[in-house]
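Asks: Below are the structure tokens for one structure; questions will follow.
FYI, it's all coordinate maths here, none of it is from the lab. The shown structure was predicted, so the numbers you read here are calculated from the model rather than taken from an experiment. Neighbour counts run over all protein chains shown; Cβ positions are idealised from the backbone, glycine included.
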Amino acid sequence: TRRRLPIRQFLRHNSILVSKVRSLQQTHGASAVVSGRTPAKVALGYVVAQVLGALVAVGMLWAVLMTLIDASTTAQALGAVANGYGENSTSQAGWSTVLLVEFVATTLFVLVVLGSTAPRANAVLAPVAIGASFAFLLTILAPFDGGSLNPARSTGTAVIGGVESLSQLWLFWVAPLLGGLVAGLIYRVVDLGRSPRRATVPPAEDATASTDTSIAPGA
């Protein structure tokens, strides 16, 4: 009898992991650079690290599943979770539809991340807001393309998915990058609008003016 994977425990533990690790990923990608939180070189390093991490994770998951099921079923199972459009979409959604929904979802999610991790935000509620929005958006995206929101994740599963999945991978880089770029611009505009304005009169001039008025002429 084939053993069943502990799906409930897997999802529960990974939802906690997402809420914890997501705060470390708040400064990644185009949104990080545009919002002014992270230098471009650092953001690029994070992206490379995420892609490498995704590839390693897929390899480790492959090794684990091979101990539970046969190689053919393992390849089929991992290939099924690759993001895609057209025939690779559950709802047969076209590339333009998938591009739009991924763009909108990524924009909303990055705005939640940037807003939840802002200096003025409540640090205690940040993991809840980020984790909940991530799960909600993935649920919405699932019928269209399996849910991505992360180019690194899509890259890892595309490697397992084969040539067809790799040929569609471009969309799952373009949409999140555009969404992150727009979200970063929106956050920067709103954040600068909330920043306190600088004093119009320098302190040195204030001090000079007060000294002059306190000393009577001819004293």
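Asks: Please list, in order along region 173-186, the HN-Hα scalar couplings obtained from phi with the Karplus expression 6.51 cos²θ - 1.76 cosθ + 1.60 (θ = phi - 60°), rounded to whole Hz, x for Gly and Pro.
Replies: 9, 5, 4, x, 5, 5, x, x, 5, 5, 4, x, 5, 4
Asks: Net charge near Ser165: determine it from the other residues with C-beta under 13 Å of the C-beta of Ser165, scoring Lys and Arg +1 and Asp and Glu -1.
Replies: Overall, the nearby charge balance is -2.
Asks: How many nm is it between the label spots at Ser72 and Asn122, if each spot is 7 Å from the Cα in line with the beta carbon?
Replies: Distance between the two pseudo-spin positions: 5.4 nm.
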